[in-house]
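*Asks:* Structure provided below as structure tokens; questions to follow.
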Amino acid sequence: MSKKPAVGSLFLSFLRLGLTAFGGPAMVAYIKEMSVTRHKWLDEDTFKDGVALCQSIPGATAMQTAAYVGLRSKGIPGALASFIGFGLPAFILMLILSSLYARYHALPKATSLFNGLQVVVVAIVANATYSFGKSTLMNFRDIILAITASVLLWIGVNPFIVILGAAFAGIVFLSGRCIIAASTVERETYRHIVRQLSILLLILFSGLLTLYLIDAKLLNLVALMMKIDLFAFGGGFASLPLMLHEIVDVRGWMDSKTFMNGIALGQVTPGPIVITSTFIGYMLYGLPGAITATLAIFTPSFLMVIAVTPVFDRLKASAYFTGATKGILASFVGLLFFVTVKFALAVPWDIVRAILVSAAFASLVRKMDILYVVLITAVISVFLF
């Protein structure tokens, strides 16, 4: 039988887990161990439904799973407590690292460090492309969609349009037979969630209006991060092509190397790779930028967990939904491949860097902890570059 934890207990439990939340989606297993096995907040079937939900909608999977556990355990207050507790350590550490980077990145030792870390970023994204592709590209049509997405990016098509096109293609070519499933959520429970969700949306729109009145530049940053999160199907890595396009290529807010340095810093912090938004916000507008960019990159996917959970049984039975999801996920393999090549072109290659990237990639493929790969590369870089 499931136990109902206090909201404060949820926050502290996920805060402790968030301190060691390295590995992105791999943290889902640890969330399960804590919430199902140890504390028995959820039964195993309910947790599995949550994982399926979080993999089907945009956003960072581990963060959404934390929110789902809180929602099922203690409603929307529990979802907020779990979500904030799990992500807070990553935000605080990334904020500290961003501040140090802004002050000291031009020093010789720091330059050497980031010369090496840019190489490991190429390996990280290449491994994400490989892993994502291995689990996503199941047939010839998936492969064609991935290749098409990559080619469209190379010729300058907006990635958001590529994703929408992939969703349409998935509906047309990848949809299976539609099976109607009944919702397992009582009508009164659903109404209660809708009322609470309406309050959260009112708070969100009030915050956006306040930003508009205070600083239109921050509102522009927030709107961009929210749009990126809404299209980041497949987890945090799916946000990278969108961030790269909008921040580096379209707006020119920073160059590719600085953006890569932000990703590298994100890999030595616990939490999802989208915590790079904290770095971007800080580099652009200091502390206010870091706070608003971070809130913006997580808010849409959090609200989506709240909104979709009561109706997910029916949604996942829709052939159109599953087809669109398959198409989008296939396109992200192509988008990640594009980012891998784009990052590789920004590196001044030599034999040492080639060996480093090969070793880092091989280590990641063999499931070595990403934190160790980054730290070892950082130490080597200080001495070699």
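*Asks:* Taking residue 93 and the conditions (1) over 16 Å from the mean Cα position of the chain (by Cα); (2) closer than 29 Å to residue 329 by Cβ, which numbered condition does it fall short on, given that it satisfies the others?
*Replies:* Evaluating residue 93 over (1) over 16 Å from the mean Cα position of the chain (by Cα); (2) closer than 29 Å to residue 329 by Cβ leaves (2) as the failure.
*Asks:* Now for a different question. Which residue out of 98, 135 is in contact (Cβ under 8 Å) with a residue 40 or more places away in the chain and out of contact with any Cys (no Cβ under 7 Å at 6 or more places or on another chain)?
*Replies:* 98
*Asks:* Tell me, which residue of segment 339-385 that is surrounded by fewer than 23 Cβ atoms within 10 Å (Cβ to Cβ) and of a type in the set (Phe, Trp, Tyr) is nearest to residue 155 (Cα to Cα)?
*Replies:* Per the stated criteria, the residue is 349.
*Asks:* Among the residues of segment 145-174, which ones are over 21 Å from the mean Cα position of the chain (by Cα), of a type in the set (A, V, I, L, M) and over 17 Å from residue 338 (Cβ atoms)?
*Replies:* 169, 171, 172, 174
*Asks:* Filter segment 25-47 down to residues that are assigned to a helix (DSSP H, G or I), surrounded by fewer than 19 Cβ atoms within 10 Å (Cβ to Cβ) and among the basic types (Lys, Arg), then give me how many there are.
*Replies:* 1
*Asks:* While we're on this one: For segment 271-289, give me each residue that is more than 21 Å from residue 230 (Cβ to Cβ) and surrounded by fewer than 24 Cβ atoms within 10 Å (Cβ to Cβ).
*Replies:* Within segment 271-289, 283, 285, 286, 287, 288 meet the criteria.
*Asks:* Run down 71, 100, 113 and say which single residue is out of contact with any Asp or Glu (no Cβ under 7 Å at 6 or more places or on another chain), of a type in the set (A, V, I, L, M) and over 22 Å from residue 376 (Cβ atoms).
*Replies:* Of the residues listed, the single one that is out of contact with any Asp or Glu (no Cβ under 7 Å at 6 or more places or on another chain), of a type in the set (A, V, I, L, M) and over 22 Å from residue 376 (Cβ atoms) is 71.
*Asks:* So residue 252 fits all but one of (1) surrounded by fewer than 20 Cβ atoms within 10 Å (Cβ to Cβ); (2) small (Gly, Ala, Ser); (3) in a helix (DSSP H, G or I); what number is the exception?
*Replies:* Looking at each condition in turn, residue 252 falls short on (3).
*Asks:* Under 9 Å between Cβ atoms, which residue pairs at least 6 apart in sequence (or on different chains) link something in segment 26-43 that is acidic (Asp, Glu) with a partner that is modelled with pLDDT of 85 or more?
*Replies:* If the second residue must be modelled with pLDDT of 85 or more, the pairs left are 43/36.
*Asks:* Being buried (at least 20 other Cβ atoms within 10 Å of the Cβ) and not aromatic (Phe, Trp, Tyr) is the filter here; which residues of segment 98-114 pass it?
*Replies:* 98, 113
The values are calculated or read from the model by the stated rules, or taken from the named source; none is laboratory data. Source: prediction; values computed, not measured. Note that we place each Cβ from the backbone using ideal geometry, even for glycine, and neighbour counts take in every protein chain shown.
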